[in-house]
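First comes the structure, then the notes that go with it.
The values are calculated or read from the model by the stated rules, or taken from the named source; none is laboratory data. As the structure is a prediction and not an experimental result, all values here were calculated from the model. With ideal geometry, Cβ positions are generated from the backbone for all residues, glycine too; neighbour counts draw on all protein chains shown.
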Amino acid sequence: EPEVTQTPSHQVTQMGQEVILRCVPISNHLYFYWYRQILGQKVEFLVSFYNNEISEKSEIFDDQFSVERPDGSNFTLKIRSTKLEDSAMYFCASSNDSPNSPLHFGNGTRLTVT
Amino acid sequence: ILNVEQSPQSLHVQEGDSTNFTCSFPSSNFYALHWYRWETAKSPEALFVMTLNGDEKKKGRISATLNTKEGYSYLYIKGSQPEDSATYLCALQNAGNNRKLIWGLGTSLAVNP
């Protein structure tokens, strides 16, 4: 069964550094997402992406964050200048075109900002 | 602020017990209610997406019901097995042609053999 893959599984970075989290969504899916979960808290929506542009973003997704689909298969999340509070598990997900289709998640990247 | 609540927060049952947990959500502007199962060190796995009031869905020993008028959904597990141990998350999708999900904190289920 096709799956969403994310790399790296764990990223440690220093405060102020840029990080890029990578995802390969399921190939025939059209919607892509980034969610995150800070330890002990709820899963939070960051951004959805469709037709090569952001379709919705949350208030968390400020100017420090950006997403890109550089080559038709990868879907990346960039954090320009990481803060301690960006430490979290970041999940990529994809879904097909049906409006109430379930999300298919990757295994996540654990980002630790020191 | 939209809030999705799940109860109980955690649950310990014996193998063979049947169990259920609740997801509560604001009923206005409802579009769909998602249930996911999340095992430790794995990714969340979709169980059900429910849209219609009174909807009931079943997958093996797991089933779910939906009441959109009063804003709740129940997830039932019949004859729990140790492999059912996981966190069960519900998430609300609101109307308005958006795909954003608003998540509950989850119910952590531990099934003792």
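Assorted remarks:
- Positions within segment B:18-35 being more than 15 Å from B:Thr107 (Cβ to Cβ) and in contact with a Leu (Cβ under 9 Å, 6 or more places away or on another chain), in sequence order: B:Pro26, B:Asn29, B:Phe30, B:Tyr31, B:Ala32
- Among the residues listed as A:Val47, A:Val12, the single one being surrounded by fewer than 14 Cβ atoms within 10 Å (Cβ to Cβ) and touching a strand residue (DSSP E or B) at 6+ places or on another chain (Cβ under 7 Å): A:Val12
- Condition check for B:Ser73: closer than 24 Å to B:Gln9 by Cβ, at pLDDT below 95 and of a type in the set (Gly, Ala, Ser): no
- Unique residue being away from chain B (no Cβ under 12 Å), part of a loop (DSSP other than H, G, I, E, B), out of contact with any Lys or Arg (no Cβ under 7 Å at 6 or more places or on another chain) and within 26 Å of B:Gln93 (Cα to Cα) when the list is A:Asp62, A:Asp71, A:Asp97: A:Asp62
- Any hit, segment B:41-50, residues being surrounded by fewer than 18 Cβ atoms within 10 Å (Cβ to Cβ), small (Gly, Ala, Ser), at pLDDT below 95 and under 23 Å from A:Val4 (Cβ atoms): yes
Matching residues to (1) hydroxyl-bearing (Ser, Thr, Tyr); (2) within 17 Å of B:Ala41 (Cα to Cα); (3) surrounded by fewer than 20 Cβ atoms within 10 Å (Cβ to Cβ); (4) without any contact (Cβ under 8 Å) to a residue 12 or more places away in the chain:
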site: B:Gly71; (1), (2), (3), (4): no, no, yes, no
site: B:Ile77; (1), (2), (3), (4): no, no, no, no
site: B:Ser80; (1), (2), (3), (4): yes, no, no, no
site: B:Leu89; (1), (2), (3), (4): no, yes, no, no
site: B:Asn94; (1), (2), (3), (4): no, no, yes, no
site: B:Gly104; (1), (2), (3), (4): no, no, no, no
site: B:Ala110; (1), (2), (3), (4): no, yes, yes, no
site: B:Pro113; (1), (2), (3), (4): no, no, yes, no
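- Top-ranked residue in segment A:27-39 [being more than 9 Å from chain B (Cβ to nearest Cβ) and either modelled with pLDDT of 95 or more or within 21 Å of A:Glu59 (Cβ to Cβ) (or both); ranked as nearest to the chain's Cα centre (by Cα)]: A:Trp34
- Residue count for segment B:78-93 under the criterion of being within 15 Å of B:Lys59 (Cβ to Cβ), more than 11 Å from the chain's Cα centre (by Cα) and not in a loop (DSSP other than H, G, I, E, B): the result is 3.
- Scanning segment A:76-93 for residues that are buried (at least 23 other Cβ atoms within 10 Å of the Cβ) and either at positive phi or out of contact with any Gly (no Cβ under 9 Å at 6 or more places or on another chain) (or both) turns up just one, A:Leu77.
- Of the residues screened, B:Leu66 is not one that is touching a strand residue (DSSP E or B) at 6+ places or on another chain (Cβ under 8 Å), farther than 27 Å from A:Ile38 by Cα and either within 11 Å of chain A (Cβ to nearest Cβ) or of a type in the set (Asp, Glu) (or both).
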